[in-house]
Amino acid sequence: MEDRISNTHTLFFPPGIQEHIQEMLKAPVSFVCAGSGFGKTTAVAHFLKHGPTSHMRVKWHTCFGCVPARTWQEICGLLWLADRDTASALARLECPAPDNLCHISMLLDRLRCEEDLILVVDNYQFSGFAEPYRLLDVLSMHRCGHLHLIFISQPMWADGQSQTSNPWIYHMTQEAFCFGPDDIRQLSVHLGNGISLQQAGLLYKVTNGWIAALLLQFVHYAGGGKLGEYPALSDLISRTFWEPLSLRQRDFFLSLSLLDTFTRQQALMMAGDETVFTECWNMITVNAFIHFNGTHYTIHSLLKDFYMQKFNAAQPVFRNRAFICAGDACLYSKDSLMAVGFFLQAGAYGRILSIRLTSGQLAGLVRENGPGLKQMIEELPDGLLREHWELLMAISIKASLTGQMGLGCAAFTRLQQLSVLPAVDVRQRSHIQAALSLVNSFRTYNDVAFMCCFHKMTWDYLDNPYDFYLTNDSWTFCIPSPVYMFWRRSGNLQDTLALVREGIPRYAAMAGGKGTGAAEAMQAEMELLAGDTRGAYDSAWNAWYTARSRGQDSLCFAALFTLCRIAVLEGDCGQFTGHMEEIGGLALKGVEFGCVTTSGVCAGFLYSRLDMDETIPSWLKEPDSYKRILYPVSAPFAGIIYAHLRRRQEPGTFPGVARALLAETDRPPFLLPRIYYWLELASAYERMNCRDMARRYLDMALEHAVPDRVYLPVAEYHKELGELLGSPEVKYAGTSEMRAIIRIGRKMEAGAAKIRKYLKSRNSPLTPREKEIALLARQRLTNEEIAHQLYISPATVKNVLYRVYDKLNVHGKKELNEIDF
């Protein structure tokens, strides 16, 4: 959209606003921050349309509280106008997070823009990003002279205060938008109801120069009221925009306030009556608190909040009717998820069943509106559900995977009820029974024997089983370890692999190729765990090729993950960095859901084995964050990374934390993380000189790992437990298995040291200027001293150092000592 201009009256801007706003395009990024009702959007839009930039191309996106990933896609859509390739790569990152801001920065280094372009993001406070100010800092690193980014926002407190010292960001704050007494007097003259300077002073005292309150005061004054009569904004809004309306007009505006934006056609749909619409449309076009951007209208948040309070107090019958109208209006604009949300609130379930949702949309709906879906499933009549059993199957599966067992059970129960209805014909009954079997296969995760049994039942029920269940979810649920997924009992790992090998072809046929390459990836990982690097290498490449042939990104990650672990064991620096780059590339180019997340888990695990804690993605360092991002069934694998960090940082408190982590591996049973937790406990007690406790937990790990030749996890702790592993008192002491573990452990220790040294001494990703400043900072010079020596400003030094820390994954000047430049 080219601009956003208020459609209400001839605009007036005090000189102060004009002076500030004319400086706006002198930096790569402008951040316009003021509270609601200060006219920031109107001022920016007017400047872009009528100021010196009127010849430039302008595109605009307004945030309305969507999920952060969707907001990021919209921003990338704007950047696509400048550089398609770079914007597409940025879009694959899914959403800005603390651990990928450096990746965004590196992608921005290659951003190009060949023509003058201004991109505006309004309502940035609704973006939902974890660190919105840091993202602005990163975006300001682009060096395209033709491109300017403008972010308009109310104050945010998500990650502290704004980085006002960043010279690449121009800040326009709330003070710039306040009207002084003389500005108020000139505004009154401009509006045709001139007041004295004394009266202007009274208004300034009442409003503090807030333009929203000033406009309401003048509307009230023009209608025969007194200046300053209603200092409370809600009273003024009621007097101006509520009391003069008829009952039908009030109902229209209350309904319309449900929509974040609307077109003329959508407003007509909300009115439902041509007469009411005509009356109210005239009011809309002259309303100072409803803005028009060339295609859509937006009710100002102050007025919208007022109407929503009235709406919430209205009768349920009216609200339900309004929800249905709003849902229909959203369908008209092809916003299916928003429409479903409104229909759920109205109980208009029949309308929901007529909407075709993608797998990703349904997954988002299950996560965000589980209670509403559960109520719908429980209340829908059998006749409607009978024709939409596929929806019940998909909801049940996705709810089970995301830990919403109440919703999953409700969907499964209704499927069971449908399967015995007399009205269901034979073919449909077979399909419903197949759906029940498939859902049961997910509910028995990670028992491969039962899963294969249910897959066979599903297959047998279907006359044409191919592509029965299509989804774009990660087959490994964002975890690059098939052994983690399916190993649940000591001594049966080979049998589990045989079941996977037997069952995958059937499942892959029913699921459009999902899981292709799983058996090969699992075999490669098992060979690696046994110390057979040659066999693991061949099997991993077999897995990679097989999975890639069917677009199975998650299993390509599993193969590359195994190849990286082989490189660490062998101390092959070139292979390790090469495969890590492939993992990073697949994160950007992969098409499955969760590729960036899987890439982060790969990196987090590998760097934890290398004791490079500072390089582990930050979201993997706390249970709250990794449990929020990962599927519940995936969290225990991330717990391996967290346990390693916690034990190294706080060995004294780790045993208590480990008990909680171990409890999370019970249902379903995950043996691999349990072994790692036992080894971490052994390492913690060994460090605390509690040899008996250390031996106890080491014995537990050995007892469960050795029967399946899972040697590598134990060997990875040779540095911490080498003396204990050589003790004659531990299990398997003196056996060939223990000798293999010690041999692999020594090899692992040497290989990891070699990789770690190489990674810390490899070529710096810094520019010559960044390297120059970093070297001076390493000498513990202050920013002012560096600035004086290089003839630049301290603010520039601070900004460059911020980029240096981001690129090198360090947190201050002290850590620069560990970098070989």
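Summary table below
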read-out: For region 357-468, convex hull of alpha carbons as volume per residue, Å³; value: 98
read-out: Dipole moment magnitude, nearest 20 debye, region 87-131 about Cα centre, only Lys, Arg, Asp, Glu C-beta charged; value: 160
read-out: Positive minus negative residues near ARG112 (Lys, Arg vs Asp, Glu; Cβ under 15 Å); value: -3
read-out: Whole-Å distance, taken between Cα centres, linking region 389-437 and region 642-656; value: 43
read-out: Cut-off under 5 Å, modelled amide H: who pairs with THR62 long-range; value: ASP122
read-out: Nearby aspartates and glutamates by direct alpha-carbon distance to LYS398 (threshold 15 angstrom, same-chain neighbours under 8 apart not counted); value: GLU368, GLU390, ASP473
read-out: Shape box of region 768-818 [Cα atoms, principal axes, largest first, Å]; value: 26, 18, 17
read-out: Peptide ranges 599-605, 455-461 listed from the most packed, as the mean C-beta count within 10 angstrom indicates; value: 599-605, 455-461
read-out: For region 5-177, the spread of Cα positions along each principal axis, largest first, Å; value: 44, 35, 30
read-out: Cα-centred dipole magnitude for the chain, charges only on beta-carbon of K, R (+1) and D, E (-1), debye, nearest 20; value: 600
read-out: LYS205/ALA498 FRET efficiency (R0 56 Å; Cβ-Cβ; nearest 0.05); value: 0.10
read-out: Members of LYS49/LYS304; LYS589/LYS771; LYS304/LYS374; LYS514/LYS627; LYS771/LYS798; LYS26/LYS813 lying beyond 20 Å, as alpha-carbon distances in this model show; value: LYS49/LYS304; LYS589/LYS771; LYS304/LYS374; LYS514/LYS627; LYS26/LYS813
read-out: Cα convex hull volume per residue for region 181-241 (Å³); value: 69
read-out: Theoretical gain in end-to-end length, TRP80 to MET405 [0.36 nm per residue, Cα-Cα removed]; value: 113.0 nm
read-out: Under 12 Å, Cβ to Cβ, from LEU147 - net charge with Lys/Arg +1 and Asp/Glu -1; value: 0
read-out: Given charges at beta-carbon only (K, R positive; D, E negative), |dipole| of region 194-310 in Debye; value: 240
read-out: For the chain, the spread of Cα positions along each principal axis, largest first, Å; value: 99, 86, 49
read-out: Cα gyration tensor of region 510-622 - equivalent ellipsoid semi-axes, whole Å, descending; value: 21, 19, 11
read-out: At R0 = 30 Å, FRET efficiency that the Cβ-Cβ distance of ARG386 and THR444 yields, to 0.05; value: 0.70
read-out: Whole-Å distance, taken between Cα centres, linking region 102-134 and region 299-337; value: 31
read-out: Using a Förster distance of 25 Å, the FRET efficiency for ASP425-SER354 (Cβ separation, nearest 0.05); value: 0.70
read-out: Karplus-derived 3J(HN,Hα), 6.51/-1.76/1.60, for each residue of region 411-423, Hz, glycine and proline x; value: 5, 5, 4, 5, 4, 4, 5, 5, 5, 10, 5, x, 6
read-out: Excluding exposed DSSP-loop GluC sites (Glu not before Pro) (at most 13 other C-beta within 10 Å), longest clean stretch of the chain; value: 388-728
read-out: 5 angstrom amide H check on SER30, placed H, neighbours 5+ away; value: LEU149, ILE150, PHE151, TYR170
read-out: Ratio Rg/Rh [Cα only; Rh per Kirkwood] for region 451-518; value: 0.99
read-out: Equivalent ellipsoid dimensions for region 482-758 as semi-axes, Å, which come from the Cα gyration tensor, largest first; value: 29, 20, 19
read-out: For region 375-384, 3J(HN,Hα) per residue [Karplus equation, 6.51 cos²θ - 1.76 cosθ + 1.60, θ = phi - 60°, Hz, x = Gly/Pro]; value: 4, 4, 4, 6, 9, 5, x, 4, x, 6
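All of the numbers you see were taken from the coordinates with simple rules; none came from a lab. Treat the numbers as computed from the prediction; the structure is a model and nothing was measured. Cβ sites come from the backbone with ideal geometry, for glycine too, and all protein chains shown count toward neighbours.
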